[in-house]
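Peer 1: Questions regarding the structure given below will be posed in turn.
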Amino acid sequence: MEQELAFKLQGDRIQYQTQVEIPITTADLYFPLESRPLLVFVDGRVHLGKSQMAKDEELRSLLRKKGYRILELCYDSYSEGKRDQLYQEILVSLGKQ
């Protein structure tokens with residue numbers, strides 16, 4: 001899913017970076033916005049378990065405290081419709097929709 005979203009971003013000429021290491025984790029997609037950088041995490045099934053969800057929330061809470069904006073995109077299986085929905089969420093977070 002992450003690669004499909006990256007292809008759409010490239011097609012729309014939206015600047016981003018992938019797999020950017022932040023001191024405590026790695027962001028799937030990174031948008032270096034002037035006000036506050038946006039970190040996007042594209043989470044599949046492995047992130048839907050209770051213990052992983054708790055770990056993710058703790059980590060992302062720390063990132064928010066450090067001034068990052070966080071967008072969590074969750075999916076349990078791939079479809080073009082789901083990809084397009086997640087892509088729209090990215091555009092909204094970037095203020096492009």
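The values are calculated or read from the model by the stated rules, or taken from the named source; none is laboratory data. Keep in mind the model is a prediction, meaning the values are calculated, not measured. Virtual Cβ from ideal backbone geometry, glycine too; neighbours counted across all protein chains shown.
Peer 1: Do we have any residue at all in the range 75-86 that's small (Gly, Ala, Ser), out of contact with any Cys (no Cβ under 8 Å at 6 or more places or on another chain) and surrounded by 15 or more Cβ atoms within 10 Å (Cβ to Cβ)?
Peer 2: Checked against the condition, which is being small (Gly, Ala, Ser), out of contact with any Cys (no Cβ under 8 Å at 6 or more places or on another chain) and surrounded by 15 or more Cβ atoms within 10 Å (Cβ to Cβ), the range 75-86 yields no hits at all.
Peer 1: Take residue 64 and tell me if it is within 12 Å of the chain's Cα centre (by Cα), surrounded by 11 or more Cβ atoms within 10 Å (Cβ to Cβ) and at pLDDT below 95. Outline the logic, then answer.
Peer 2: On the way: within 12 Å of the chain's Cα centre (by Cα): no; surrounded by 11 or more Cβ atoms within 10 Å (Cβ to Cβ): yes; at pLDDT below 95: yes.
Here the answer is no, as residue 64 does not meet what is asked.
Peer 1: Is it the case that the range 26-42 has a residue that's in a strand (DSSP E or B), surrounded by fewer than 16 Cβ atoms within 10 Å (Cβ to Cβ) and at pLDDT 85 or above?
Peer 2: Yes, some residue in the range 26-42 is in a strand (DSSP E or B), surrounded by fewer than 16 Cβ atoms within 10 Å (Cβ to Cβ) and at pLDDT 85 or above.
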